[in-house]
Amino acid sequence: MKSFGKYMILMGSLFVRREKFIVYWRLTIDECIIIGTNSIFIVAIVSSFIGAVTCIQTAANLVSPLVPIYVVASVVREMSILELAPTFTCVVLAGKVGSSIAGQLGTMRITEQIDALEVMGINSASYLILPKILASLITIPMLVTFAALLSILGGFVAGRLGDIISTQDYIYGIQSDFNEFNVSFALIKAFVFAFLISSISAYQGFFTKGGALEVGQSSTTAVVNSCIGVLVADLLLAQLLLN
């Protein structure tokens, strides 16, 4: 409860004694490049192979001749949009982005750069953390959308190369019985996960104490707590929005 209270107080302090808008704009753009652009490659690799594996395993388990083959594409679509793209992508980003945020802020704390900002009258929490959260809220939903597209495309490539499903059946499968709310649900999850990853990692790094060893420990704790937060939020959102 003490840690949760410190976390909530830190989130509240982001909106007091703020800097000018142009300052946050520049910082947010820089963070968008670090968080979003630099994560495209790993997201593309993970999502493509996950979609391909989902297609192959689904086809391998469709042993009944009564089940049409286009169901494989429908399963890949539903799994990619509802779970694989938002959750897998954000778990990967929790490791990449979360550790980066915690390590950066932790290093600034132990080298007294954060204390120097406070001495100059700058709200260090708002100046350092708010751009990271805003950049995460902007770029991570984009990465999730990109991951969903590549996951479905990866399933298609695996289905064609493995002679599992024809192009016509795959296209028909991803179009049949499509529920538009699933896309909205995936984006809602992406926004929530983005906030949790960036804020939890920033909290761990901001309150780092000690030296270089503690910075590494803060980064590890940030990744673990972010992954737990993502999984718990995934369960809660599924219960709230899909029932």
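Of note:
- Condition check for residue 224: on the phi < 0 side of the Ramachandran plot and either among the acidic types (Asp, Glu) or more than 11 Å from the chain's Cα centre (by Cα) (or both): yes
- Filter pass, residue 220 being surrounded by fewer than 17 Cβ atoms within 10 Å (Cβ to Cβ) and either of a type in the set (D, E, K, R) or more than 30 Å from residue 102 (Cβ to Cβ) (or both): no
- The residue list 92, 67, 119, 76 contains one member that is touching a Cys at 6+ places or on another chain (Cβ under 7 Å), farther than 18 Å from residue 203 by Cβ and not hydroxyl-bearing (Ser, Thr, Tyr), which is 76.
- Under the condition of being within 16 Å of residue 94 (Cα to Cα) and open to solvent by less than 60 Å² (accessible area, probe 1.4 Å), the residues counted in region 130-161 number 11.
- Restricting region 117-128 to residues that are open to solvent by less than 50 Å² (accessible area, probe 1.4 Å), in a helix (DSSP H, G or I) and not hydroxyl-bearing (Ser, Thr, Tyr) leaves a set whose member that is farthest from residue 219 (Cα to Cα) is 117.
The values are calculated or read from the model by the stated rules, or taken from the named source; none is laboratory data. Everything quoted here is computed from the prediction, not taken from an experiment. Glycine also receives a Cβ, built like all others from the backbone with ideal geometry; neighbour counts cover every protein chain displayed. Accessible surface areas use protein heavy atoms only, side chains included; no ligands, DNA or RNA. Shrake-Rupley method; radii C 1.70, N 1.55, O 1.52, S 1.80 Å.
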